[in-house]
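The values are calculated or read from the model by the stated rules, or taken from the named source; none is laboratory data. Fair warning: this is a prediction, and the values are worked out from it, not measured in the lab. Note that we place each Cβ from the backbone using ideal geometry, even for glycine, and neighbour counts take in every protein chain shown. These area figures cover heavy atoms from the full protein model, side chains too; ligands, DNA and RNA do not enter into them. Shrake-Rupley method; radii C 1.70, N 1.55, O 1.52, S 1.80 Å.
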Amino acid sequence: MLDTKYVRENFEEVKRRLESRNGDFQYLDKYIEIDQERRNLIVKVEELKAQKNNASKLIGQFKREKKDISLLMKEMNLDSKKIKSFDERIMQIDDEIRNILLYTPNLPNENVPRGTSEDNNVEIRKFGKPVEYNFEPLPHWDLAEKFDLIDFERAGKITGSRFAVYKNIGAKLERALITFMLDIHTEQNKYQELLPPAIVNRDSMLGTGQLPKFEEDAFKLYNNENYFLVPTAEVPVTNYHRDEILNADNLPISYCAYSPCFRAEAGAAGRDTRGVIRQHQFNKVELVKLCKPEDSYKQLEILTKHAEKILQLLELPYRVIELCSGDLGFSSAKTYDIEVWLPSYDGYKEISSCSNFEDFQARRANIKFRRDPKGKPEFVHTLNGSGLAIGRTWAAIIENYQQVDGSIVIPKVLRPYMGGLEIIK
RNA sequence: GGAGGAAUACCCAAGCCCGGCUGAAGGGAUCGGUCUUGAAAACCGACAGGGCGUGAAAGCGCCGCAAGGGUUCGAAUCCCUUUUCCUCCGCCA
């Protein structure tokens with residue numbers, strides 16, 4: 001959520017920055033109007049309330065002194081009615097303002113490249129080189145079938161499309177990746193591990209920005225409208241500190257968390273239909289940070305490096321791109337996407353998205369910190385990034401590690417997690 | 001799921017039946033001070049936070065006793081709804 005005061009006082013700048021996202025933000029003109037009306041009303045109603053409070057006190061005093069109170073009573077009756085009607089209008093405006101603000105995305109950072117689509121994203125750096133094959137490499141879904149690693153067909157039977165049953169070494173590899181990533185993040189990168197619920201309530205979804213605008217992307221529980229399947233561990237983990245005031249000495253706070261992720265993929269019909277790239281349910285290890293405002297851009301670099309580290313250890317080629325203003329997510333002020341090389345796509349595919357939300361989520365979720373014991377609480381900045389998406393990592397390994405003889409080599413760092421297995425053949 | 005009980009400031013806790021001098025007693029913790037070579041103890045003092053509005057600022061005002069409504073001139077106190085926690089029963093991995 002944007003800062004009401006900031007929007008009011010920097011209206012043209014706010015509009016300009018929002019418009020760099022390619023949306024239509026004319027509706028904000030209305031916001032300015034009712035915001036002014038609201039403040040006018042507040043001045044009036046508070047004056048009346050102050051009068052009423054004084055009179056009520058007087059009535060109490062008069063009663064004790066056995067004086068006549070009938071005149072005072074009459075006046076107060078009138079005032080109460082006025083107060084009520086003012087209050088009702090104020091509440092109505094509050095709702096409208098809240099609604100407007102909840103549907104308005106974050107301001108892109110001023111340094112983010114401007115652009116209208118992903119074509120304007122900027123490549124920042126590259127690691128490794130895509131393998132040159134002297135044979136036709138198989139896509140991971142064919143390899144999965146060949147070695148009986150995943151059963152898509154039966155997954156379709158027991159659930160539906162875009163679900164998978166991992167089997168045998170395939171299941172073990174998925175499990176190994178989760179543990180491997182968590183171990184690196186907790187042991188080397190000093191993240192604190194959380195294992196959160198896979199179901200969250202509406203307030204949590206609102207806090208991180210999935211709601212109210214993107215309700216159709218989420219899986220809602222049928223028998224409890226207040227419950228949603230988590231689209232990412234970002235939601236439970238960031239909301240872990242909702243409505244809290246943190247101690248500045250503890251910042252930055254860094255969490256890593258594994259969770260299954262559930263996405264309706266409402267607008268993705270026909271895209272990535274084969275393999276595990278786009279599933280309704282997938283596994284992910286997520287990194288989340290809460291920090292002081294002045295640290296957040298430094299922390300974004302650190303967090304992105306932590307995610308990259310996993311790919312480096314797995315020796316998978318990847319690149320880092322910076323999203324342009326038009327491609328930014330709703331809540332983000334700046335985002336780096338990490339893309340892994342996938343032979344089956346003959347290109348790079350997103351495997352992690354690392355974002356700085358500045359105080360946008362903190363404002364929605366009401367997460368603050370106190371600089372010093374007597375100071376005013378301030379909003380923290382929140383960040384997160386995948387570290388990494390497990391299914392896509394799985395696919396990248398299967399594809400990138402296939403050999404001329406048709407076998408698949410297990411990356412060295414994973415072998416301890418695979419019971420020493422070196423090769424799938 | 002059924003039956004009871006509870007929710008007050010950082011923590012404990014009084015007030016609620018009988019609405020008004022409670023913008024919330026008392027204690028603990030914390031902070032400052034006196035005393036002390038230093039510390040402890042004792043004593044003295046401070047201690048509601050947060051949001052909103054207004055103002056150049058100091059300040060002033062509004063809202064706060066789980067949350068949301070209602071009754072009333074006036075609600076921590078009365079009424080309704082919701083949430084959370086506890087105890088017992090049932091069911092269950």
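Laid out as a table, the results:
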| read-out | value |
| --- | --- |
| A:Ile100, sole failed condition from (1) of a type outside the set (Gly, Ala, Ser); (2) open to solvent by 80 Å² or more (accessible area, probe 1.4 Å); (3) within 16 Å of RNA strand B (Cβ to nearest atom); (4) touching a residue at least 60 places away in the same chain (Cβ under 8 Å) | (2) |
| Given (1) over 30 Å from A:Glu118 (Cβ atoms); (2) more than 8 Å from RNA strand B (Cβ to nearest atom); (3) assigned to a helix (DSSP H, G or I); (4) not hydroxyl-bearing (Ser, Thr, Tyr), number of the condition A:Lys67 does not satisfy | (3) |
| Residue check, A:Asp94 open to solvent by 20 Å² or more (accessible area, probe 1.4 Å) and either within 11 Å of RNA strand B (Cβ to nearest atom) or assigned to a helix (DSSP H, G or I) (or both) | yes |
| Filtered residues of the range A:300-350 (kept if in a strand (DSSP E or B) and among the polar types (S, T, N, Q)) | A:Thr335 |
| Selected residue (criterion: farthest from RNA strand B (Cβ to nearest atom)) from residues of the range A:48-62 that are open to solvent by 80 Å² or more (accessible area, probe 1.4 Å) and closer than 12 Å to A:Ser80 by Cα | A:Gln51 |
| Strands (runs of 3 or more DSSP E) (entirely within the range A:169-261) containing at least 2 residues that are over 30 Å from A:Pro416 (Cα atoms) and of a type outside the set (Phe, Trp, Tyr) | A:199-201, A:244-247 |
| Of the criteria (1) open to solvent by 10 Å² or more (accessible area, probe 1.4 Å); (2) touching a residue at least 24 places away in the same chain (Cβ under 8 Å); (3) in a loop (DSSP other than H, G, I, E, B), which one A:Val276 fails | (1) |
| Every residue from the range A:134-157 that is open to solvent by 50 Å² or more (accessible area, probe 1.4 Å) and within 30 Å of the chain's Cα centre (by Cα) | A:Phe152 |
| Within the range A:1-44, considering residues that are of a type in the set (S, T, N, Q) and open to solvent by 30 Å² or more (accessible area, probe 1.4 Å), the one farthest from RNA strand B (Cβ to nearest atom) | A:Asn22 |
| The range A:354-365, subset within 13 Å of RNA strand B (Cβ to nearest atom) and open to solvent by 30 Å² or more (accessible area, probe 1.4 Å), residue farthest from A:Leu251 (Cα to Cα) | A:Arg363 |
| Residues of the range A:316-352 satisfying the condition of being hydroxyl-bearing (Ser, Thr, Tyr), open to solvent by 10 Å² or more (accessible area, probe 1.4 Å) and under 22 Å from A:Val276 (Cβ atoms) | A:Ser344, A:Tyr345, A:Tyr348 |
| Subset of the range A:162-218 [crowded, with 16+ Cβ neighbours inside 10 Å and among the aromatic types (Phe, Trp, Tyr)] | A:Phe163, A:Tyr166, A:Phe180, A:Tyr191 |
